[in-house]
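The values are calculated or read from the model by the stated rules, or taken from the named source; none is laboratory data. Worth saying up front: this structure is predicted, and the values here are computed from it rather than measured. All Cβ positions, even for glycine, are placed from backbone atoms using ideal geometry, and neighbour counts span all protein chains on display. All accessible areas refer to the heavy atoms of the entire protein, side chains included, with ligands and DNA or RNA removed. Shrake-Rupley method; radii C 1.70, N 1.55, O 1.52, S 1.80 Å.
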Amino acid sequence: MKTLVKSTVLKSALISTLLGTAASMAGEAEATTTTESGSKFAGTLNLDLNSHFISYGFDVWGDGNDVEDGTFNPSLELTWALPADFTAILGTWWDVNDKVPSAIGGKLQEVDVWAGLGYKVGDLSITGLYQNWIYGSANEQIVDVKFAYDCLLAPSLTIHNRVDPGASGGQNGTVLVAGVSHSVEAGPVTFSFPVNIAYFLEDDFHPASTDSGLGYGSLGATATYALGFLGEEYGSWNLHGGLTYYVTDSDVVANSDAGRPDNDFLTANIGIGCAF
């Protein structure tokens, strides 16, 4: 299945935080950093409420423009700095809600896990992840590769490859997601404005898809408030939230053909995060 918003796919890395966007998306990983003490271990924890679960433009739960009945999406990613500018990555993302009876148990609808490597040369970061998305009594399997360049507008390209459709209802295929983002700092608050465009190489990636090509575009506005008064003994905490608007193609992503109420919709996100 899979945006957070699981919006985009490797996340933070793949290098952008999973970290969603206003909608939940799995498979993203943050760039690795070392602590002031010289530790090669780092991590990010996020506890997010999302109005939607968007998987590569697809409105998984069919919420459309309804932002009242959302999902709880905790995520954890751990990274280890390796020799020669490599980084080991291990993470998980959960979807918790009562929209349908769970095939896993309780309100837990999906568990995503991923592992991979990152490599950094100058301002260029390259991340490769294998992901297993567990839901609907099946396993969707993904191999993602992301390129990100640390410069003005922070351009990135994610190559999202589904190698086992699991319970997605679609077929194996590849989606190319190109993105840019601009951030502005205002005291303890950082505002970011990410833009993404996705191109689908196959015509049957989502359940009701009938065409390939440009599948969706998204425009977001997010704010992150650093909770500096908590100190950093147990990590750097923040409050974050934002809005993301999706425009999807009725043939390529085919939300309406799959029984979803809207092809274009607004999503919202709010949460608390910790980097350690």
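So G235 ticks every box in (1) at pLDDT below 95; (2) touching a helix residue (DSSP H, G or I) at 6+ places or on another chain (Cβ under 9 Å); (3) surrounded by 15 or more Cβ atoms within 10 Å (Cβ to Cβ) but one. Which box is left unticked?
For G235, the exception is condition (2).
What are the residues in region 67-81 that are open to solvent by 70 Å² or more (accessible area, probe 1.4 Å) and either assigned to a loop (DSSP other than H, G, I, E, B) or closer than 15 Å to I272 by Cβ (or both), if any?
V67, E68, D69, F72
How many residues are over 17 Å from the mean Cα position of the chain (by Cα) and either surrounded by fewer than 18 Cβ atoms within 10 Å (Cβ to Cβ) or of a type in the set (K, R) (or both) when one looks only at region 118-140?
Matching residues across region 118-140 total 9.
Does D211 satisfy the criteria of being of a type outside the set (V, I, T) and either assigned to a loop (DSSP other than H, G, I, E, B) or on the phi > 0 side of the Ramachandran plot (or both)?
So D211 fits the description; yes.
Mind listing just one residue for me: the one in region 159-184 that is among the polar types (S, T, N, Q) and over 17 Å from S212 (Cα atoms) and, of those, least open to solvent (accessible area, probe 1.4 Å)?
This residue is S168.
Return the pair list, or none, for Cβ contacts closer than 6 Å from residues in region 35-50 that are open to solvent by 60 Å² or more (accessible area, probe 1.4 Å) to residues that are at pLDDT 95 or above and among the aliphatic types (A, V, I, L, M), at least 6 apart or on different chains.
Here the result reads K40/A81; L47/I272; L49/I270, each pair linking region 35-50 to a residue that is at pLDDT 95 or above and among the aliphatic types (A, V, I, L, M).
Condition check ((1) part of a loop (DSSP other than H, G, I, E, B); (2) more than 29 Å from A275 (Cα to Cα)) across all residues:
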position: R162; (1), (2): no, yes
position: T174; (1), (2): no, yes
position: V177; (1), (2): no, no
position: F193; (1), (2): no, no
position: D204; (1), (2): yes, yes
position: Y225; (1), (2): no, no
position: F229; (1), (2): no, no
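If I ask for residues that are open to solvent by less than 70 Å² (accessible area, probe 1.4 Å), out of contact with any Asp or Glu (no Cβ under 7 Å at 6 or more places or on another chain) and assigned to a strand (DSSP E or B), which ones from region 102-117 would you list?
G105, L108, V111, D112, V113, W114, A115, G116
Here's a check for you: in region 82-101, which residue that is among the charged types (D, E, K, R) and assigned to a loop (DSSP other than H, G, I, E, B) is most open to solvent (accessible area, probe 1.4 Å)?
Result: D98.
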